[in-house]
Structure formats: C-alpha cells, structure tokens
Amino acid sequence: MGLKQIDFGSKEYQQMVKLRTQILRQPLGLSFTPEELEKEKDNILIAAFDEDEMLGCCMLIKIDNQTLQLRQMAVNNNLQGKGIGASIMAFAENISRDRGYKKLIMHARDTAIGFYEKFGYKVIGDGFLELNIPHHIMEKKIS
C-alpha cells in the first residue's frame, strides 16, 4: 500500500470523489454538488493506493495558521479494519506537522469516535447533527 497527496481534478481525484460518494454519501441518499467539489481545490487531498486502486482517502482543510480540519475520511467497505485508516491518519498527521500546523480537528461521526480515540483524539464539547448523523468535534495537538 502506498500513501500520497493527490491533485485536485486529476484522475486520482475522480477516484476519491467516487469512493467518498460510495462510502459517505450514497448511504444517506446524497451526492456531491459541483459547488461542493469546487471548494476542495485548495485542500490537501490524501489517498491510499494498492497499485491503481484507491483503498481510502481523506482531506485536510486549513482553518487557521495553527489548525487543519480532517474531513471526508473514507475506507473501502470491504477493507475496513485492516489498518488502512490508521495509515491514512499517520500520513495526514505527518503532512500537517511538516507544514507547521499544531492541531488537527474533525467532525467525527459518533460511530467513529472510538477509532479516532485510538490515535489520541479527544471529544470536545457537546454532540450535534450533521447530515442528520450524530457527530462530535474531536481534536489532537500534533506538535
């Protein structure tokens, strides 16, 4: 498995949109709008591959000079629990640290809180609904 940063609009980015649609949007009856995707052009886009097949992905969005938000974490359904998400998390934290960021935050689905806690993320504040799914803000200092 290889991890890398990918370019917005590339063939790999199209694979990323497809994977995120399958894992995160279709189960909710949702899709991405062109406007939503256009906003991703300045994000740090990360993906795990086995040769040309995308196994998982996430993106990092600049909140301020100290903080990035991890979003759209997705791992192919039949590959969950095999360490792909853990590898993506480590890669995302390393990229963030290398670029001088001090903290990662996320809106974690409540069903994923246990996964993120394994990597030292802490729940901050009360839960909320996002896309009608219970979420909590989680954060981790990475420096």
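A compact table of results
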item	result
Of 18/118; 4/141; 118/141; 102/122; 62/140, pairs whose Cα-Cα distance is over 24 Å	18/118
The chain: calculated mean residue ellipticity at 222 nm from DSSP helix runs of at least 4, using -39500 (n - 2.57)	-7000 deg cm²/dmol
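Every read-out reported here was derived from the displayed coordinates using simple, explicitly stated rules and does not represent laboratory data. Keep in mind the model is a prediction, meaning the values are calculated, not measured.
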